[in-house]
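All of the numbers you see were taken from the coordinates with simple rules; none came from a lab. In this text the structure is predicted, and so the values were computed from the model without any measurement. Counting neighbours? That spans all protein chains shown, and the Cβs are built from the backbone with ideal geometry, glycine included.
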Amino acid sequence: MYKRELAQKIITSLSQNPAVAILGPRQIGKTTLAHEIAKGQPSIYLDLETPEDFQKLSDPAHYLGLHADKLVIIDEVQRYPELFMSLRGIIDSRRREGRGNGRFLVLGSATNDLLKQSSESLAGRIHYSELTGLNLFEIEASSGEPFQKLWMRGGFPDSYTAEDDVASHQWRQNFIRTYLERDIPQLGPRIPAATLMRFWTMLAHVQGELLNASKLASALSVESVTVSRYLDLMVDLLLVRRLQPWSGNVKKRLVKSPRTYVRDCGLVHALLQIPNYEALLGHPIFGKSWEGFVIECIINALPANAYPFFYRTSAGAEIDLVIEFGLDEYWAIEIKASRTPILKKGFHMACEDLVVQQKFAVYTGEDRFPGSHDTTILSLAHFIEELKNKGRINE
């Protein structure tokens, strides 16, 4: 059992809002986290994938009125988006009675329809939190295991905690198959599982590269607009990240296409049939796999006032990850899958373009030491600590 860092934030959000939504892909640990949060207080749990629980909410006001003083956990809420209108009435009624916050904890996959329904119906009444995979500090606090295991297996708890690499790889293969054959069709899109599997695998092959919709469309024998629709779906489900380029005014010819990353590195390795860390070391995706792992860990640890981008010009100036804090404060992060990182001229050119305040190179080692041109070379764990300290200063 891993103590999730998000737990205390959810508890705080419940004290400040009538409803809190935990969003994330299947099997990421939303239900386990919700039950942990509910310990020590009256609560009920409803899973809308079960016909019995779904039927209980055929008259939401009546059923929930029977449990008026309990925390109500509603799982797989995307199965019943119309429910949000009923929740609004219940919340407003409680507010008029002087009873407000901590009433509903809803769990679901992040689809456009779900977010649209809940944001329109529960505007000003609901707070959203995204639960991501296990992170470095969660696993170290529980087991002290090296980061390579998390990098190889990914952050889905059942994948990470599997008995061995074979069992972990099999779990991820089954997860992919279930998502394609059952979960995505339940959400509405009529896309052949084989086609979406090819698309997902292609994204793993081009991990961290600029999006070339035309090339992907040609390989799939579909139109570019169809590729965009597939990508939107995978982004909505929190399975793929679309990292946008920085687009300010520096009088340079800037790249305008986003970069795409399959968010969970364990899924990258499963899609590419990489069974263990030894196989990863010799695979062409090794460097981009590390880049995607680092970027996802960093973005998931960003304070509220920070925004991630990458920077690239036609002249070769490039930064793997730019973090913008507030107004005109930038950190530049270069990501190197090496124990002896060498920073290229293009990185320093880009840092001059943006006039960055801090320059870092995150590498696969564990030490921290100064590099050239005022760049700090450090481990991923050390960089996350830098971010946390930054967040504390800005609070």
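Here is how the numbers come out for the structure above:
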quantity: Base-10 log of normalised Debye intensity for segment 332-395 (one unit scatterer per alpha-carbon) at q = 0.21 Å⁻¹; calculated: -0.85
quantity: DSSP-loop trypsin sites (Lys or Arg not before Pro) across segment 51-133, with at most 15 other Cβ within 10 angstrom; calculated: LYS70, ARG99
quantity: 20 Å cut-off, amide nitrogen to a point 7 angstrom out along GLU318 Cα→Cβ, residues in segment 199-220; calculated: 203-216
quantity: Cβ-Cβ FRET estimate between ASP69 and ASP232, R0 fixed at 56 Å, reported to 0.05; calculated: 0.85
quantity: Degrees, to the nearest 10: 380-394 long Cα axis against longest axis of the chain; calculated: 60
quantity: Net +/- balance of residues flanking HIS348 in space, Cβ distance below 12 Å, scoring K and R +1, D and E -1; calculated: -2
quantity: Per-peptide average of other Cβ atoms within 10 Å, ordering 9-19, 59-69 highest first; calculated: 9-19, 59-69
quantity: Rounded FRET efficiency, nearest 0.05, which uses the C-beta distance separating ASP47 from TYR128 and R0 of 22 Å; calculated: 0.60
quantity: Per residue Cα convex hull volume in Å³ - calculated over segment 125-191; calculated: 122
quantity: DSSP beta bridge pairing in the chain, given as percent antiparallel to the nearest 5; calculated: 40
quantity: Point-charge dipole on Cβ atoms (K/R +1, D/E -1) for segment 271-395, about Cα centre, debye to 20; calculated: 240
quantity: Helix-only [θ]222 nm of the chain, DSSP H runs n ≥ 4, -39500 (n - 2.57) each, per residue, nearest 500; calculated: -13000 deg cm²/dmol
quantity: Rg ratio (alpha-carbon, reference 2.2 N^0.38 Å) - segment 301-347; calculated: 1.28
quantity: Paramagnetic reach from THR12 in segment 291-312 [backbone N under 13 Å; point 7 Å along Cα→Cβ]; calculated: 303-305
quantity: VAL225 versus LYS116: modelled label distance in nm, points set 7 Å from Cα along the beta carbon direction; calculated: 1.7
quantity: Convex hull volume per residue in cubic angstrom - Cα atoms of the chain; calculated: 159
quantity: FRET efficiency, LYS256 to ALA304 (Cβ-Cβ, R0 30 Å, nearest 0.05); calculated: 0.65
quantity: Percent breakdown of C-alpha pair distances by 10 Å bin, ordered from the shortest bin, for segment 1-143; calculated: 11, 44, 35, 9, 1
quantity: Lys, Arg +1 and Asp, Glu -1 on Cβ, resulting dipole of segment 80-225 about Cα centre, debye, nearest 20; calculated: 640
quantity: Of LYS39/LYS288; LYS70/LYS149; LYS3/LYS344; LYS116/LYS359; LYS288/LYS390; LYS251/LYS388, pairs whose Cα-Cα distance is over 29 Å; calculated: LYS39/LYS288; LYS70/LYS149; LYS3/LYS344; LYS116/LYS359; LYS251/LYS388
quantity: Value of Rg/Rh across segment 267-395 [Cα atoms, Kirkwood radius]; calculated: 0.98
quantity: Alpha carbon convex hull of segment 75-195, projected area averaged over orientations, nm²; calculated: 10.1
quantity: Cα Rg, Dmax (largest Cα-Cα span) when computed across segment 179-256, Å; calculated: 14.3, 49
